[in-house]
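Q: My questions all concern the structure below.
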Amino acid sequence: MTRLAIVVPCYNEREVLPEACARLTALLERLHRAEKITADSRVYLVDDGSTDSTWALIAGFVNAGLPVVGIKLSRNRGHQNAVLAGLFCAAGDAVVSVDADLQDDLAAIEKMLDQLRDGCDIVYGVRKRRRTDSVFKRLTAESFYRLLAVLGAQTVFNHADYRLMSRRAVEALREFREVNLYLRGIVPLIGFRSAIVEYERSARYAGESKYPFKKMLALAVDAVTSFSVVPLRVISLLGLLVFAGSMAVTIWALWVALFTDRAIPGWASVVLPMYFLGGVQLLVLGVVGAYVGHIYDEVKNRPLYIVGDLEGFSPPATRDGPVVAVRRRRNEPR
């Protein structure tokens, strides 16, 4: 049987957390009775710096003797870092990450375990349809996945962060040192055998979405600039086209000045280059600036998360020793 860990990032989820905990612990019990997971399987609730009573609820679940482990980050670090904290702190043969809003069908976890037993190290939960999303969100999300495919990024269409990873896959994930996290793009790069489990996505059980348009746009920018150099190649092509256009305009301006009487003194040599090249330079600087920003974040070498408190938790042993509160980086002294 598989020792299963279910990682659930939580940010101000007091409305939905009691129901989510009830469903998840009932799922563990059912899977244990079916002899698919061990009795020491756990739900890991990661409090991403919530400002409501989320952590008090988590501590209450632990004190009530439920198969729950609480992980509290010292401050809000964002959804992707909260998922990563749970993956690296959880003990188990397999780790499933799922959001707390109960939109993802928990019954798909059993199918993921079946794929794990068939030899897959990574199993992606993929939405069959987006019937619960607004027309705007559905169109923008699907367009974003198609854009990433065009740009050459390896992603799974209509997959968010609902996935199962074997212990081997989680350990491989530790080797990726990105600060600007986009796990949907990083996990496929691991390269282990994978499978897809489709499911129907439901409406949010309670509360409000923690991913408004502003955060989705920021995630999209991180995804594009972290996993594709196509924008830089487009800039190079644009520069070539600008050079060719500038040469053509120069030849035309010289012809007008030398062989006609229609030329306005100073117009061709000042106005056209100033506006044309100035606009292109601003565009180029904007795109290059996004990449420079990522380089800036990487060289700062800040920890991705700091665990401020734990409930009912024993650090799992890894090949580097016990998991510590601060994720360390390559060549950093211990």
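The values are calculated or read from the model by the stated rules, or taken from the named source; none is laboratory data. These numbers were taken from a predicted model, which means no experiment stands behind them. Cβ atoms come from the backbone with ideal geometry, glycine included; neighbour counts cover every protein chain shown. In case anyone asks, the SASA skips ligands and DNA or RNA and just uses the protein heavy atoms, side chains included. Shrake-Rupley method; radii C 1.70, N 1.55, O 1.52, S 1.80 Å.
Q: Restricting to the stretch 281-295, give me the number of residues that are modelled with pLDDT of 75 or more and of a type outside the set (S, T, N, Q).
A: Total satisfying the criteria: 7.
Q: Pairs under 6 Å by beta carbon, first residue under 11 Å from GLY92 (Cα atoms) in the stretch 32-46, partner open to solvent by 10 Å² or more (accessible area, probe 1.4 Å) and among the β-branched types (Val, Ile, Thr), six or more apart or different chains?
A: ILE37/THR2
Q: Out of all the residues in the stretch 207-221, is one or more touching a Ser or Thr at 6+ places or on another chain (Cβ under 8 Å), closer than 30 Å to VAL16 by Cβ and not in a strand (DSSP E or B)?
A: Within the stretch 207-221, one or more residues are touching a Ser or Thr at 6+ places or on another chain (Cβ under 8 Å), closer than 30 Å to VAL16 by Cβ and not in a strand (DSSP E or B).
Q: Now for a different question. Which of the residues that make up the stretch 14-43 are on the phi < 0 side of the Ramachandran plot, part of a loop (DSSP other than H, G, I, E, B) and open to solvent by 10 Å² or more (accessible area, probe 1.4 Å)?
A: ARG14, GLU15, ALA34, LYS36, THR38, ALA39, ASP40
Q: What do you reckon, is VAL234 at pLDDT 75 or above and open to solvent by less than 60 Å² (accessible area, probe 1.4 Å)?
A: So VAL234 fails the test.
Q: Where residues in the stretch 97-156 are aromatic (Phe, Trp, Tyr) and under 16 Å from the mean Cα position of the chain (by Cα), which of them is farthest from LYS214 (Cα to Cα)?
A: Per the criteria, the residue is TYR124.
Q: Which helices (runs of 4 or more DSSP H) sit wholly inside the stretch 66-156 and have at least 1 residues that are charged (D, E, K, R) and modelled with pLDDT of 95 or more?
A: Qualifying helices (runs of 4 or more DSSP H): 108-117.
Q: Keeping to the stretch 138-183, report how many residues are open to solvent by 20 Å² or more (accessible area, probe 1.4 Å), of a type in the set (Lys, Arg) and in contact (Cβ under 8 Å) with a residue 24 or more places away in the chain.
A: The number of residues fulfilling the criteria is 4.
Q: I would also like to ask the following. Considering only the stretch 17-31, state which residues are of a type in the set (D, E, K, R) and closer than 17 Å to GLU110 by Cα.
A: Selection gives ARG23, GLU29, ARG30.
Q: Can you go through VAL62, VAL69, VAL46, VAL95 and tell me which one is open to solvent by 20 Å² or more (accessible area, probe 1.4 Å) and within 19 Å of ARG23 (Cβ to Cβ)?
A: VAL62
Q: Let me ask something else. For the stretch 119-131, check the following and say yes or no: at least one residue is under 26 Å from ASP309 (Cα atoms) and touching a strand residue (DSSP E or B) at 6+ places or on another chain (Cβ under 6 Å).
A: No, the stretch 119-131 contains no residue that is under 26 Å from ASP309 (Cα atoms) and touching a strand residue (DSSP E or B) at 6+ places or on another chain (Cβ under 6 Å).
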